[in-house]
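See structure below.
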Amino acid sequence: MIRDPQTLQALLDAVERFVRERLVPAEAQVAETDEIPDDIVREMKALGLFGLTVPEEFGGLGVTMEEEVMVMLAMGQTSPCFRSLFGTTVGIGSQGILLDGTEAQKKKYLPLLATGELIASFALTEPDAGSDAASLRTTAIREGEHYIVNGTKRFITNAPHAGIFTLMARTDPQDKGAGGVSAFIVEANTPGISIGRKDRKMGQRGAHTADVIFENCKVPAGQLIGGREGQGFKTAMKVLEKGRIHIAAICVGVAERMLRDALNYAIERKQFGQPIAEFQLVQAMLADSQAEIYAARCMVIDAARRRDEGRNVSTEASCCKLFASEMCGRVADRAVQIFGGAGYIADYGIERFYRDVRLFRLYEGTTQIQQIVIARNLVREAMR
Ligand SMILES: Cc1cc2nc3c(=O)[nH]c(=O)nc-3n(C[C@H](O)[C@H](O)[C@H](O)COP(=O)(O)OP(=O)(O)OC[C@H]3O[C@@H](n4cnc5c(N)ncnc54)[C@H](O)[C@@H]3O)c2cc1C
């Protein structure tokens, strides 16, 4: 749903200009230094990117899913590490509070998240609980007016920068499944929290992940999201369902960028006395990429519209994440192929995208987990 086309267009124009004039020129530097410059972060905040999904009453832009997708398609036209900084807050970090938080929790945290003053990380994964997230072992045991949290979270995006964590922990150790899990808002400066060293990753330099370690960390009972125990896994799944459409939109945007770079290269690069773009075998790679990008773009917009209509999009969100992330990987591979040897050399930039986009098939539910969700929904529906 697009509420007001003119307002959205103004936002998209501003984001496109920011991407073109500020982010694209900074890509190589960020990859080199592994840091996004402070002035760029300030501009992201000024543009309202941290508050994209926060309702207007709490100081955000309150975009619909379809509008969020349009912004992510524009943001995808540059290194995905930039999106990671605000997009993790927008996409998953703040969503637990937004979807299931109490009014008091929303009032306290959403305005700070909207301005970017606070960055929110989403802490679900653990060393022994990845795809099988419901088996998580971090505990939060109630003692009077507090919960005592113990455990380790792994690969947590923006952990070194986070002001708050949306933490999934087990409040009922007797219940080893999803029903024993609750969600909390944990302030990063709470005693008993330490952040591991930054992970050294394959790509997306400039975006940082790390372990988050909780040792007898005393979290006030009022930080339990929604004030009810046992709802945390449901909250996490709702958050991830929305996040999958968000990530799929980024996959489409980055694939468009890689195809554009490959096309420009194919037009300029001459072999056998003519631009390689004129060879049909190269054209096949361009055409397949364009067709798949178009298919993914249509899927993502359709899923976003359905979600805005209040429909259940569990299957569609997983279809989008599955197809768009795999498509993005194929486009990256073809783009490198079209660049030839230059595709393997860092100076040309495309190998960086090739490494960056590999992550999309892994996090927020691997490709196999999306397949499982889609098939499970299909079978369940057929057997009703
Ligand atoms: C850069 C990065 C950022 C991340 N950011 C966050 C974050 O902010 N917050 C957070 O909570 N997590 C985050 N993660 C964690 C990420 O979501 C997990 O890595 C991912 O869900 C996969 O879990 P795993 O790594 O434990 O792999 P595993 O679950 O061990 O999976 C290994 C392989 O087995 C396959 N597999 C597992 N189960 C099945 C099955 N039932 N059927 C078929 N195949 C299966 C998987 O598809 C995969 O191919 C991040 C990870 C990375 C790398």
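The values are calculated or read from the model by the stated rules, or taken from the named source; none is laboratory data. In this text, all values refer to a predicted model and were calculated from it rather than measured experimentally. Heads up, the Cβs are rebuilt from the backbone with ideal geometry, glycines too, and the neighbour counts pull from every protein chain shown.
A quick yes/no check of all residues on (1) surrounded by 14 or more Cβ atoms within 10 Å (Cβ to Cβ); (2) in contact with a Gly (Cβ under 9 Å, 6 or more places away or on another chain); (3) in the same structural domain as Ile350 (by TED's automatic domain parsing); (4) not aromatic (Phe, Trp, Tyr):
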| residue | (1), (2), (3), (4) |
| --- | --- |
| Leu136 | yes, yes, no, yes |
| Gln174 | no, yes, no, yes |
| Gly177 | no, no, no, yes |
| Gly196 | yes, no, no, yes |
| Ala210 | yes, yes, no, yes |
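More than 22 Å from the chain's Cα centre (by Cα) and not in a helix (DSSP H, G or I) - does that describe any residue in segment 311-327? Scanning segment 311-327, I find no residue that is more than 22 Å from the chain's Cα centre (by Cα) and not in a helix (DSSP H, G or I), so the answer is no.
Listed here are the residues, each with its yes/no results for (1) part of a loop (DSSP other than H, G, I, E, B); (2) of a type in the set (Val, Ile, Thr).
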site: Met168; (1), (2): no, no
site: Asp172; (1), (2): yes, no
site: Lys176; (1), (2): yes, no
site: Phe184; (1), (2): no, no
site: Thr190; (1), (2): yes, yes
site: Arg197; (1), (2): yes, no
site: Arg200; (1), (2): yes, no
site: Gly206; (1), (2): yes, no
site: Asp211; (1), (2): no, no
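Inside segment 64-109, counting only helices (runs of 4 or more DSSP H) that do not spill past its ends, which hold 3 or more residues that are in the same structural domain as Lys238 (by TED's automatic domain parsing) and among the basic types (Lys, Arg)?
It comes to none.
Filtering segment 218-268 to residues that are within 26 Å of the chain's Cα centre (by Cα) and among the basic types (Lys, Arg) leaves Lys234, Lys238, Lys242, Arg244, Arg257, Arg260.
Checked against the criterion of being under 29 Å from Arg20 (Cα atoms), within 13 Å of the ligand (Cβ to nearest atom), crowded, with 23+ Cβ neighbours inside 10 Å and modelled with pLDDT of 95 or more, the candidates Ala123, Ala159 yield just one match: Ala159. Evaluate the following for Gly192: is it out of contact with any strand residue (DSSP E or B) (no Cβ under 7 Å at 6 or more places or on another chain) and either within 23 Å of Arg358 (Cα to Cα) or not aliphatic (A, V, I, L, M) (or both)? In short, no. Evaluating Ser94 against the criteria (1) at pLDDT 95 or above; (2) more than 12 Å from the ligand (Cβ to nearest atom); (3) not aromatic (Phe, Trp, Tyr) leaves one unmet condition, (1).
When segment 197-218 is limited to residues that are within 15 Å of the ligand (Cβ to nearest atom) and among the basic types (Lys, Arg), the one that is nearest to Phe86 (Cα to Cα) turns out to be Arg205. In the set Ala342, Ala291, Ala375, Ala324, only one residue is under 29 Å from Thr125 (Cβ atoms), more than 16 Å from the ligand (Cβ to nearest atom) and small (Gly, Ala, Ser); that residue is Ala324. Screening Leu118 with (1) assigned to a loop (DSSP other than H, G, I, E, B); (2) within 16 Å of the ligand (Cβ to nearest atom); (3) under 25 Å from Thr366 (Cα atoms) gives one miss only, at (3).
Residues checked against (1) within 15 Å of the ligand (Cβ to nearest atom); (2) closer than 28 Å to Ala104 by Cα; (3) modelled with pLDDT of 95 or more; (4) touching a helix residue (DSSP H, G or I) at 6+ places or on another chain (Cβ under 6 Å):
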| residue | (1), (2), (3), (4) |
| --- | --- |
| Gly180 | no, yes, yes, no |
| Ile195 | yes, yes, yes, yes |
| Pro220 | no, yes, yes, no |
| Gly227 | no, yes, yes, no |
| Gln231 | no, yes, yes, no |
| Ala249 | no, no, yes, yes |
| Leu259 | no, no, yes, yes |
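Residue-level analysis places Val186 outside the set of residues that are crowded, with 17+ Cβ neighbours inside 10 Å, within 13 Å of the ligand (Cβ to nearest atom), modelled with pLDDT of 95 or more and among the hydrophobic types (A, V, I, L, M, F, W, C). Quick check on my filter: what residues within segment 138-156 are among the basic types (Lys, Arg) and either at pLDDT below 95 or over 17 Å from Asp175 (Cα atoms) (or both)? Hits for segment 138-156 are Lys153, Arg154.
Selection over segment 108-117 of residues that are hydrophobic (A, V, I, L, M, F, W, C) and surrounded by fewer than 22 Cβ atoms within 10 Å (Cβ to Cβ) gives a count of 1.
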